[in-house]
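Contents: one structure, followed by commentary.
Read-outs: derived from the displayed coordinates by stated rules, not from any lab. The model shown is predicted, which means the values in this text are computed figures rather than measured ones. Please note: Cβ atoms are built from the backbone with ideal geometry, for glycine as well, and neighbour counts cover all protein chains shown.
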Amino acid sequence: MSARRKLVAGNWKMNGTLAANAELLRAVRAGADTAACDLVICAPFPYLAQTADALLGSTMTWGAQDCSAHAQGAYTGEVSAVMLTDFGCRWVIVGHSERRQYHAESSALVAAKALQVLRAGLTPIVCVGETLAERDARQTLVVVGAQLQAIVDALKEAGQAQWIARVVVAYEPVWAIGTGRTATSAQAQDVHAFIRQLWRGAFAGSADGLRILYGGSVKPGNAAELFAQPDVDGGLIGGASLKADEFLGIAAAAQAVA
Ligand code: PEP
């Protein structure tokens, strides 16, 4: 039993239609049990209003998959964190590996986005994780450490002590995302423990409260073992969040170990 409340967040990525979302949101809402676990849907921008409406009055919350590193202005195509607060957003994923990889997002940019999210009063889910080549080269902790250090440095520079406790970190080994290849629970625990240790070194008082999610091919069948690890506080769920029964199965696994 951990003092940290488990969190299961679905990342729909660039999937969905109005019709498909309506059915998925209805089914997830109907089966959601948030007694011991936060349940979150991160939908594409055009569907956030639909998601907000569908979850209104429920105990589930919702978030975006990205935001701008800027507060406002001449940044065509961008969406600011402040805009998201206008209609009930709670969470924003930043630094997902698909954004680092396909949009060349640096750790400094990811940190700037995280600060925008915090400044707007929202919670950033900051993704970190190594590629297969980096793991094979035994660079996992070096890579994850550097990605996390950028956030730590930005938080220290911002000097807003109250922001630190709001941050959520998601460890997502790139080789496990959408591949069906999950990190073993021991591999996940090793990196999660390292992340907590790094956080303790930087912000001693808030390390025990830091929620660290695991992401990468989490399914109902492997969730319980992953979530039972002492430093795994829930999951960031891609493919399985598009199927209500799978997402609810993963949420049930989080409830069971909470
Ligand atoms: C993700 O997109 O964050 C993710 C973990 O994807 P998947 O669950 O499909 O591996």
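If I stretch the segment between ARG200 and ALA30 completely, what's the gain in nm (0.36 nm per residue apart, minus their alpha carbon distance), one decimal? If you can, show how the numbers build up before the last one.
Values: separation 170, 0.36 × 170 = 61.20 nm, distance 3.87 nm.
Residue separation times 0.36 nm, minus the Cα-Cα distance, leaves 57.3 nm.
As a proxy for reagent exposure, ranking PHE227, PHE45 by other Cβ atoms within 10 Å from fewest up yields PHE45, PHE227. Taking amide hydrogens as placed 1.01 Å from N in the peptide plane, the amide H of VAL94 sits under 5 Å from those of ILE125, VAL126, CYS127, each at least 5 positions away in sequence or on another chain. Taking 0.36 nm per residue of separation and subtracting the current Cα-Cα distance, fully stretching the chain between GLU23 and ARG5 would add 3.7 nm. Here the Karplus relation 6.51 cos²θ - 1.76 cosθ + 1.60, evaluated at θ = phi - 60°, turns the backbone of the stretch 167-174 into coupling constants of 5, 10, 10, 10, 8, 10, x, 4 Hz, with x for every Gly and Pro.
Any chance you could tell me what percent of the C-alpha pair distances in the chain go past 25 Å? The share of Cα pairs beyond 25 Å in the chain comes to 38 percent.
Projecting the Cα atoms of ALA146, GLY178, GLN65 onto the dipole axis of the chain, where Lys and Arg carry +1 and Asp and Glu carry -1 at the beta carbon, places ALA146 farthest toward the positive end. When only alpha carbons are used to place a centre, the stretch 44-85 and the stretch 181-222 end up 26 Å from one another.
Could you work out the helix-only [θ] at 222 nm for the chain, with each DSSP H run of four or more residues adding -39,500 (n - 2.57) and the total divided by the number of residues, to the nearest 500 deg cm²/dmol?
Working: 11 runs with 114 residues, N = 258.
-13000 deg cm²/dmol, from helical runs alone.
Taking 20 Å as the straight-line reach from the Cα of LYS13, the aspartates and glutamates in range (excluding those fewer than 8 positions away in the same chain) are GLU23, ASP38, ASP53, ASP66, GLU78, GLU98, GLU105, GLU130, GLU172, ASP245, GLU246. Of the DSSP H helices in the chain, those with a Cα length along their own long axis of 24 Å or more and a mean Kyte-Doolittle hydropathy reaching 0.5 comprise 140-158. Were the residues from LYS243 through GLN139 laid out at 0.36 nm apart, the gain over their Cα-Cα distance would be 34.0 nm.
The charge dipole of the chain, taken about its Cα centre with unit charges on the Cβ of Lys, Arg, Asp and Glu (plus for the first two, minus for the last two), comes to roughly 240 debye.
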